[in-house]
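The block underneath contains the structure these notes are about, expressed in structure tokens.
The values are calculated or read from the model by the stated rules, or taken from the named source; none is laboratory data. Just so it is clear, the model here is predicted, and its values are computed rather than measured. So basically every Cβ, Gly included, is an ideal-geometry build from the backbone, and we count neighbours across all protein chains shown. For accessibility, only protein heavy atoms count, side chains too; no ligands or nucleic acids. Shrake-Rupley method; radii C 1.70, N 1.55, O 1.52, S 1.80 Å.
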Amino acid sequence: MVRGKYDERGSAGEVNHFQALTAAVSGTVGLGNIAGVAVAVSIGGPGATFWMILCGLLGMATKFVEVTLGVKYREVHADGTVSGGPMHYLPKGLVDRFGKNGKTLGKVLAVLASFMILFFGLFGGNLFQVNQSYAQLVSVAGGEDGAIGSSSGALFFGILIAALVGIVLLGGIRSIANVTSRLVPAMAGIYIAACLVVILVNVTAVPDAVVTIVEGAFNPEGVAGGVLGALIIGFKRAAFSNEAGLGSARSRTPR
């Protein structure tokens, strides 16, 4: 996909495979894999990491199915733009499967999916991301009593981020994909390099960490309700990280 081996000139779609990949990865690496893991471990204990890994493995099946459905039932408009996602494949897929009996249910589920994805996009994604970014900026540069940490500093930061994001979003998926195809490789490279540095610096502690994770995953006396608490926290944070099952990546269908 990175080399463009699977791209076909003139085929339907607004972005190529690599751009679709980076658009999907842009919303997960960082917020989910760094802040999300930290939150999971702090609430559910080290054992939550085990369940996050398991959820990630199971989530690959969910991701595969919903992406496949997104491509199969997407709509390619006359101007070349593409519409896709659960709001399209739910009504169409249920009609194909159950005939007229699935039409009403499909429409209801499509409307609910639209509202849920909109809610997640506004609050689960954007607000949380901006809040985490601002908190880190205040922690490193401004402090609670500094200019950056003031209410006016927070307002300025929010307006600045909103403006920058708006510039990208107004161009549609092509604009988003062009930006993510340049930023995400660098972001992912830095993320992987940082992870390797942390692991290598603490390489002697890795075996003990693995044992602690496994023991915490099945220890009934663990944090946040033991096994059940670690499992729930791990699955929640994993879903937030990889978006498997949320339907939010299905409109990024490549050509």
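Computing Rg and the Kirkwood Rh from the Cα coordinates of region 169-213 gives a ratio, Rg/Rh, of 1.33. Between ALA205 and GLU8, full extension at 0.36 nm per residue minus the direct alpha carbon distance yields a gain of 66.1 nm. Give the accessible area for MET52 in Å² (nearest 10); use a 1.4 Å probe, count only protein heavy atoms, and leave out ligands, DNA and RNA. About 20 Å², rounded to the nearest 10.
Going down the list LYS5/LYS107; LYS63/LYS92; LYS100/LYS236; LYS72/LYS236, which pairs span over 30 Å between their C-alpha atoms?
LYS5/LYS107; LYS100/LYS236
Using a probe radius of 1.4 angstrom, the carbon and sulfur fraction of the accessible surface of region 53-121 is 73%.
Taking all protein chains in place and a 1.4 Å probe, what share, in percent, of the accessible surface of region 155-220 do carbon and sulfur account for? Write out the running numbers ahead of the final one.
Working: 3710 of 4630 Å².
Carbon and sulfur: 80 percent of the exposed surface of region 155-220.
Ligands, DNA and RNA are left out, and with a 1.4 angstrom probe the accessible area of region 55-106 is 62 Å² per residue. Peptides 53-66, 198-211, ordered by how many other C-beta atoms sit within 10 Å of their residues on average, highest first, read 53-66, 198-211.
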